[in-house]
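First the structure, in the form of structure tokens, and then the observations on it.
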Amino acid sequence: MDSKIKLSIIVPVYNSEKYLAKCLDSLTNQTLCNIEIILVNDGSKDNSLNICEEFAQKDNRIIVFTQENSGQSKARNIGLAHSCGEYVTFVDSDDWVDLDYYEKLVFACDKSESDIACASIIRERKNYKKFRIKYTQEKIITQLQEKIDTAKVPDMCYVWNKVYRRDFLEKLNLKFIEGMYFEDVDFVTQAIYYSNKIITVPNTYYHYWTNFNSTVKTMKISDKKRSDSIKSKEMVLDFFKKNNLTSKPKNLIRRKTCIKLFGITLYKTYEWETKKIHYLFGVIPIIEEISYA
């Protein structure tokens, strides 16, 4: 391992030519300089690979790999296999981060000797932005249940708003399940569970762009995505049962259903293992179904 590399940033890239430059600008201009940026082109059919190579020519910290279209999970695993940093992290190629983002997360991990640092997420859309996860204070968490609740496993268990100690992931031999959507859920659940401690980092943000043409950020949900979404939650529920864990009910949502008209939410349901709640306009609870099986 090159001791000079503090952080490996792994970016799966697929048909993101409209957003990729903004993503890479936010990475190459980080205040944390001793980084490597691993771009894994997943068989893009647009100009994404050329953009990757252009950035690599200008910045020798960028490494470009390419594969036939095999999915985000395999791309992330390739990035992990080639990473050399003391820490690793992940970014989607249509997202971006604040310029002090990785310096703050890595520093927090270093000083607290935590395996994982977690940051806030701002969901960005064309005309507005909204916090998806917001941490308002730096907090070191060692108690298992509190770690799970703080990381919002599994309902919001995103892989990319976190920095992970690389030797910790290697000891677990933790990888992404290939050929599966929502592979973040299993990866993050296990990482949080086995971590010695996690630390929350306020005042720096991961910007999650809602691009309806990307891998999972799409209005058109395929049967495969729907099936994998349910499967990922079921895997976590099984993991909780095997390890005698509980969690806040809102973090154990198995399925969400949303009906919109002209961008306005008319109807929404949240389904847990034993309960389903129906909401009018997404906020007014109108029916609650409970199963006692």
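The values are calculated or read from the model by the stated rules, or taken from the named source; none is laboratory data. For clarity, every value in this text was computed on a predicted model and none was experimentally measured. Every residue, glycine as well, gets a Cβ built from its backbone with ideal geometry; the counts of neighbours run over all protein chains shown. Accessible surface is based on the protein model in full, side chains and every heavy atom, while ligands, DNA and RNA are left aside. Shrake-Rupley method; radii C 1.70, N 1.55, O 1.52, S 1.80 Å.
Working from Cα pairs under 8 Å separated by at least six residues, relative contact order for the chain is 17 percent. Relative to the current alpha-carbon distance between Tyr128 and Glu53, full extension at 0.36 nm per residue lengthens the span by 23.8 nm.
Here the label points at Lys276 and Lys175, each 7 Å from Cα along the C-beta direction, are separated by 3.8 nm in the simple model.
Ligands, DNA and RNA are left out, and with a 1.4 angstrom probe the accessible area of the chain is 50 Å² per residue. The calculated Kirkwood hydrodynamic radius for the chain is 19.8 Å, given to one decimal from all distinct C-alpha pairs. Pairs of Cα atoms nearer than 8 Å and 6+ residues apart set the relative contact order; for the stretch 107-168 it is 39 percent. Whole-Hz Karplus values for the stretch 77-94 come out as 5, 4, x, 4, 5, 9, 6, 10, x, 5, 10, 10, 8, 9, 9, 7, 6, 10 Hz, taken residue by residue from phi with 6.51 cos²θ - 1.76 cosθ + 1.60 and θ = phi - 60°; glycine and proline positions read x. Judged by the ratio a/c of the largest to the smallest principal axis of the C-alpha gyration tensor, the stretch 83-137 counts as oblate, that ratio being 1.5 or greater while a/b is no larger than b/c. Per-peptide packing, taken as the mean over residues of other Cβ atoms within 10 Å, places 103-109, 115-121, 261-267 in the sequence 115-121, 103-109, 261-267 from highest down.
Between Arg226 and Asp167, the simple spin-label model (points 7 angstrom out along Cα→Cβ) gives 4.7 nm. Label-to-label distance, Thr142 versus Tyr267, with points set 7 angstrom from Cα along the beta-carbon direction: 5.0 nm. Computed 3J(HN,Hα) for the stretch 276-288, one whole-Hz value per residue from the Karplus formula 6.51 cos²θ - 1.76 cosθ + 1.60 where θ = phi - 60°, is 9, 10, 9, 10, 7, 6, x, 10, 9, x, 10, 9, 10, glycine and proline marked x.
Heavy-atom surface analysis with a 1.4 Å probe gives the chain a carbon and sulfur content of 51 percent of its accessible area. Quick one: helix 184-194 against the long Cα principal axis of the chain, what's the angle to the nearest 10°, folded into 0 to 90? The two axes meet at around 80 degrees.
Placing one equal scatterer on every Cα of the stretch 1-155 and applying the Debye formula, the log10 ratio I(q)/I(0) at q = 0.21 Å⁻¹ is -1.44. Charge dipole (Cα centre; +1 on Lys/Arg Cβ, -1 on Asp/Glu Cβ; no other charges) of the chain amounts to roughly 1120 debye.
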